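Notes follow once the structure below has been shown.
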């Protein structure tokens with residue numbers, strides 16, 4: 001069985017907030033900073049993304065103002081398993097602007113805090129237990 005983890009899609013140069021909290025709950029944390037400028041994300045090029053495909057949960061903090069980042073999130077919704085817990089961090093104005101893209105996802109208009117991550121961890125554990 002391959003190792004599982006919670007994936008943080010966060011901007012380059014940032015680290016997951018409270019990643020240590022999740023690790024304290026027994027969940028490994030992996031980070032993806034999204035595609036480098038001028039490159040296309042493998043999940044969009046048809047190669048697939050093993051990092052996302054193996055994730056137990058995802059915290060998506062990439063900038064929805066970038067078309068490629070919106071496309072990545074849309075591909076997550078279309079190609080990853082339907083019970084995969086995903087949290088999307090948006091600026092308050094983006095909740096309405098991207099309502100169609102965000103439909104069916106749990107949206108945070110603030111940086112994830114321990115309570116948000118605890119809820120994500122509980123969803124991950126429930127999916128494992130009943131999945």
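Every residue in region 58-76 that is touching a helix residue (DSSP H, G or I) at 6+ places or on another chain (Cβ under 8 Å) and assigned to a helix (DSSP H, G or I), please.
Answer for region 58-76, where residues must be touching a helix residue (DSSP H, G or I) at 6+ places or on another chain (Cβ under 8 Å) and assigned to a helix (DSSP H, G or I): 68, 70, 71, 72, 73, 74, 75, 76.
Would you tally the residues in region 14-26 being surrounded by fewer than 20 Cβ atoms within 10 Å (Cβ to Cβ), at pLDDT below 85 and not in a loop (DSSP other than H, G, I, E, B)?
Within region 14-26, residues that are surrounded by fewer than 20 Cβ atoms within 10 Å (Cβ to Cβ), at pLDDT below 85 and not in a loop (DSSP other than H, G, I, E, B) number 1.
So, in region 82-97, exactly how many residues are out of contact with any helix residue (DSSP H, G or I) (no Cβ under 8 Å at 6 or more places or on another chain), under 26 Å from residue 50 (Cβ atoms) and modelled with pLDDT under 95?
1
For every residue, the table says whether it meets (1) buried (at least 21 other Cβ atoms within 10 Å of the Cβ); (2) in contact with a strand residue (DSSP E or B) (Cβ under 7 Å, 6 or more places away or on another chain); (3) farther than 22 Å from residue 107 by Cα; (4) modelled with pLDDT of 90 or more.
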{"residue": "2", "(1), (2), (3), (4)": "no, no, yes, no"}
{"residue": "12", "(1), (2), (3), (4)": "no, no, no, no"}
{"residue": "41", "(1), (2), (3), (4)": "no, no, yes, yes"}
{"residue": "47", "(1), (2), (3), (4)": "no, no, yes, yes"}
{"residue": "71", "(1), (2), (3), (4)": "no, no, no, yes"}
{"residue": "80", "(1), (2), (3), (4)": "no, no, no, yes"}
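Within region 40-71, can you find the residues that are free of Cβ contacts under 8 Å to residues at least 40 places away in the same chain and within 25 Å of residue 123 (Cα to Cα)?
43, 48, 49, 50, 53, 64, 69, 70, 71
Considering only region 27-39, how many residues are surrounded by fewer than 19 Cβ atoms within 10 Å (Cβ to Cβ) and touching a residue at least 40 places away in the same chain (Cβ under 8 Å)?
0
The values are calculated or read from the model by the stated rules, or taken from the named source; none is laboratory data. Keep in mind the model is a prediction, meaning the values are calculated, not measured. Every residue, glycine as well, gets a Cβ built from its backbone with ideal geometry; the counts of neighbours run over all protein chains shown.
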